[in-house]
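Take a look at the structure set out below.
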Amino acid sequence: MDLDRKFAALADPTRRHIVTVLRSGPKDVGTLARPLPISRPAVSKHLAVLVAAGLVEVEKSGRRRLYRLRREGFDEVREWLDQVARTWDVALERFRRHVEGDGLG
């Protein structure tokens, strides 16, 4: 999946709220829409974006559709964030050594 698509999906506060709610387990659209100030069709559109980004999957159970997080969908995001964090860790360690005078020389 495309990292840009995942970040774009997560950029929206409503979709981040949905992701947060789904952390506790699968939910249907009605359950997800209940606390939100938007319609069920609008929630369905947000879910479609999350599904297209590979962050959420849908399971049909009779007439109901249950949405759940795709753990694998977050792996690429987590990997990218870990790389950024490692870059900062290295830079901060070099700065620490410089300030404390025990390296870089």
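The values are calculated or read from the model by the stated rules, or taken from the named source; none is laboratory data. The structure displayed is predicted, hence computed values, not measured ones. We place every Cβ from the backbone using ideal geometry, glycine too, and count neighbours over all the protein chains shown. Keep in mind that these areas ignore ligands, DNA and RNA; they rest on the heavy atoms of the full protein, side chains included. Shrake-Rupley method; radii C 1.70, N 1.55, O 1.52, S 1.80 Å.
Only one of the numbered conditions (1) open to solvent by 50 Å² or more (accessible area, probe 1.4 Å); (2) assigned to a loop (DSSP other than H, G, I, E, B) is violated by Gly54, and that is (1).
Being of a type in the set (Ser, Thr, Tyr) and within 11 Å of the chain's Cα centre (by Cα) is the requirement here; does Thr14 meet it? For Thr14, the condition - of a type in the set (Ser, Thr, Tyr) and within 11 Å of the chain's Cα centre (by Cα) - is not met. Do we have Glu100 as without any contact (Cβ under 8 Å) to a residue 40 or more places away in the chain and touching a strand residue (DSSP E or B) at 6+ places or on another chain (Cβ under 8 Å) here? Against the criterion (without any contact (Cβ under 8 Å) to a residue 40 or more places away in the chain and touching a strand residue (DSSP E or B) at 6+ places or on another chain (Cβ under 8 Å)), Glu100 does not qualify.
Here's the yes/no breakdown for (1) open to solvent by 70 Å² or more (accessible area, probe 1.4 Å); (2) under 18 Å from Arg16 (Cβ atoms); (3) in contact with a Lys or Arg (Cβ under 8 Å, 6 or more places away or on another chain):
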{"position": "Ala33", "(1), (2), (3)": "no, yes, yes"}
{"position": "His46", "(1), (2), (3)": "no, yes, yes"}
{"position": "Glu76", "(1), (2), (3)": "no, yes, yes"}
{"position": "Thr87", "(1), (2), (3)": "yes, no, no"}
{"position": "Gly101", "(1), (2), (3)": "no, no, no"}
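Sort out which residues of segment 62-79 are in a loop (DSSP other than H, G, I, E, B) and either at pLDDT 95 or above or closer than 21 Å to Leu10 by Cβ (or both), and write them in order of number.
Selection gives Arg70 alone.
Scanning segment 60-74 for residues that are open to solvent by 70 Å² or more (accessible area, probe 1.4 Å) and of a type outside the set (D, E, K, R) gives a single hit, Gly62.
Condition (residue is touching a Gly at 6+ places or on another chain (Cβ under 8 Å) and either within 30 Å of Arg15 (Cα to Cα) or acidic (Asp, Glu) (or both)) applied to segment 90-98: is it met by at least one residue?
The answer is no; no qualifying residue exists.
Taking segment 11-26 as the range and being out of contact with any helix residue (DSSP H, G or I) (no Cβ under 6 Å at 6 or more places or on another chain) and touching a residue at least 24 places away in the same chain (Cβ under 8 Å) as the test, the residues that pass are Asp12, Val19, Leu22, Arg23, Gly25, Pro26.
Restricting attention to segment 17-41, which residues are in a helix (DSSP H, G or I), of a type in the set (Gly, Ala, Ser) and more than 19 Å from the chain's Cα centre (by Cα)? Talk me through it step by step, then tell me what you get.
Let us first name the residues in segment 17-41 that are in a helix (DSSP H, G or I), namely 17-22, 29-33, 40-41.
Still in the list and also of a type in the set (Gly, Ala, Ser): 30, 33.
Scanning segment 17-41 gives a single hit, Gly30.
Within segment 56-105, the set of residues being under 22 Å from the mean Cα position of the chain (by Cα) and closer than 23 Å to Pro41 by Cβ comprises Val56, Glu57, Val58, Glu59, Arg65, Leu66, Tyr67, Arg68, Leu69, Arg70.
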